[in-house]
Amino acid sequence: MAAQTTPAGDWLGLAGTVQVVTGAASGIGAGITRALAAAGADVALLDRNLADCEALARELEDLSGQRIALACDIADEAQVRQAAAAVEEALGPCQGLVNGAGILRPGGLAEVSLDDWNAVLSVNLTGYLLCARAFGQPMRDRERGSIVHIASISASQPQTWSGAYSASKAAVAILSRQLAAEWGPQGVRSNCVSPGMIRTELSAAFYAQPGVTVAREAFTASRRIGEPEDIANAVLFLLSERAGYVNGAELGVDGGLPCMLMDKVPRPGFSAD
C-alpha cells in the first residue's frame, strides 16, 4: 500500500494515532513515550510497574492526545490480550507498537540457571511475539501499521556474563525480519532499533564511577553516551509513514560504536594521537 502524505506542520504524521509502548515506565521506554506524546499521539503505557506509568501519564497531561497506563507482564499471554482489549476500548485500534520491555539476569553461560535463562527469553523474546500478535491484529485487519522492536548492540556483539540477554536480543532481530516478511503483504511493517550505550536509570551507577564516562565515550565515533531521546527519534521515524518503505531493517543507534574496533587495535604509526 502506498504511503500517505501528511501536513507539512506534522512531518511525522503521528498526531492522533494510537501507539502502544511496552516497558514505558522508565528508561528508553519512557523516552519514547514522551516523544510520542509530544508528537500528539494517543499513547498506551504498558509496564509491570503501574505506578510509574501512571506518574508519567500525569506528567504528560498538558500535551495533546490521550494517555492510558496499564499494568502488564508481557510474558503472560492473558495479560497481553487483556491489555490489547483495554487499549482498543479506550483509544481505538492500535496503529503502532513499540516492543520495548526487557529484563537482564546476570551470569556466565557455564552457570546461569535455567530459570534465569528462561525468564529473560520469556520477556525479551516471547513477550515481543505475544505483543506483536495481540496489537498487530488490528493493524493486519486495517492493512496498515508499524511495529518497532528494541533490540540491542549486544544482538551482534556478545555481552558476556549477562546470561540469555545477547541471545534474546539476537533473536529479536530475526523475529522482526520474519514478521516483516510474513506481515508485510498485509500492510504491516516490522523494524528493530539496536541501542548502544544509553544513559538510563539502570546504567546511572556505571557513570557514577570515576573515569567510566570518558572511557566509554572513547569507544564511540561520536564521543558521547546516548540518551533515551536518541532512541526515541529513530523509533518515531520508523513508526511514521515517512518510513513507509522501510521494512525488516535493523537500525543501530550507537554513536558509531561498531566501527571503532580497528581504532582500538594498537597500530604504531597509524594513530591520530
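Which value, in debye to the nearest 20, gives the size of the charge dipole of the chain about its Cα centre, when Lys and Arg are +1 and Asp and Glu are -1 at the Cβ? All intermediate terms of the calculation are to be shown ahead of the outcome.
Details: 20 positive and 29 negative charges, 136 e Å.
So the dipole magnitude of the chain works out to roughly 660 debye.
Report, by chain and number, residues whose modeled amide H sits under 5 Å from the one on Leu97, excluding near sequence neighbours (fewer than 5 apart, same chain).
Those lying under 5 Å, H to H, from Leu97 are Val20, Ser146, Ile147, Val148.
Can you list residues whose amide H is under 5 Å from Ala39's amide H, if they're 5+ apart or on another chain and H is modeled 1.01 Å from N?
So Ala39 has HN proximity to no qualifying residue.
At 0.36 nm per residue, and after removing the present C-alpha to C-alpha distance, how many nm does the segment from Glu111 to Phe206 gain when stretched out fully? Show your work: numbers first, answer last.
Values: separation 95, 0.36 × 95 = 34.20 nm, distance 2.43 nm.
Length difference between fully extended and current span is 31.8 nm.
Roughly speaking, what % of Cα-Cα pairs in the stretch 40-91 are separated by over 16 Å, rounded to a whole number? All intermediate terms of the calculation are to be shown ahead of the outcome.
On the way: 527 of 1326 pairs.
Summing the P(r) tail past 16 Å for the stretch 40-91 gives 40 percent.
Under 5 Å between amide hydrogens, which residues at least 5 positions from Val253 or on another chain qualify, with H placed 1.01 Å from N in the peptide plane?
Amide H neighbours of Val253: Ser194, Gly196.
Give me Rg/Rg_expected for the stretch 118-273, where Rg uses Cα atoms only and Rg_expected = 2.2 N^0.38 Å with N residues. Intermediate results must be reported in sequence, preceding the final value.
Working: Rg = 17.7 Å, N = 156, 2.2 N^0.38 = 15.0 Å.
After normalising by residue count via 2.2 N^0.38 Å, the value is 1.18.
What percent does the relative contact order of the chain come to when contacts are Cα pairs within less than 8 Å and at least six residues apart? Don't skip to the end; give the middle numbers.
Values: 538 pairs, mean separation 51.8, N = 273.
It rounds to 19 percent for the chain.
Mean residue ellipticity at 222 nm from the helices of the chain, using -39,500 (n - 2.57) per DSSP H segment of n ≥ 4 over the full residue count, to the nearest 500 deg cm²/dmol? Mind dumping the intermediate values first?
Numbers: 9 runs with 101 residues, N = 273.
Taken over the chain, the calculation gives -11500 deg cm²/dmol.
Every read-out reported here was derived from the displayed coordinates using simple, explicitly stated rules and does not represent laboratory data. Everything numeric here is computed off the predicted structure, so don't read it as measured data. We place every Cβ from the backbone using ideal geometry, glycine too, and count neighbours over all the protein chains shown.
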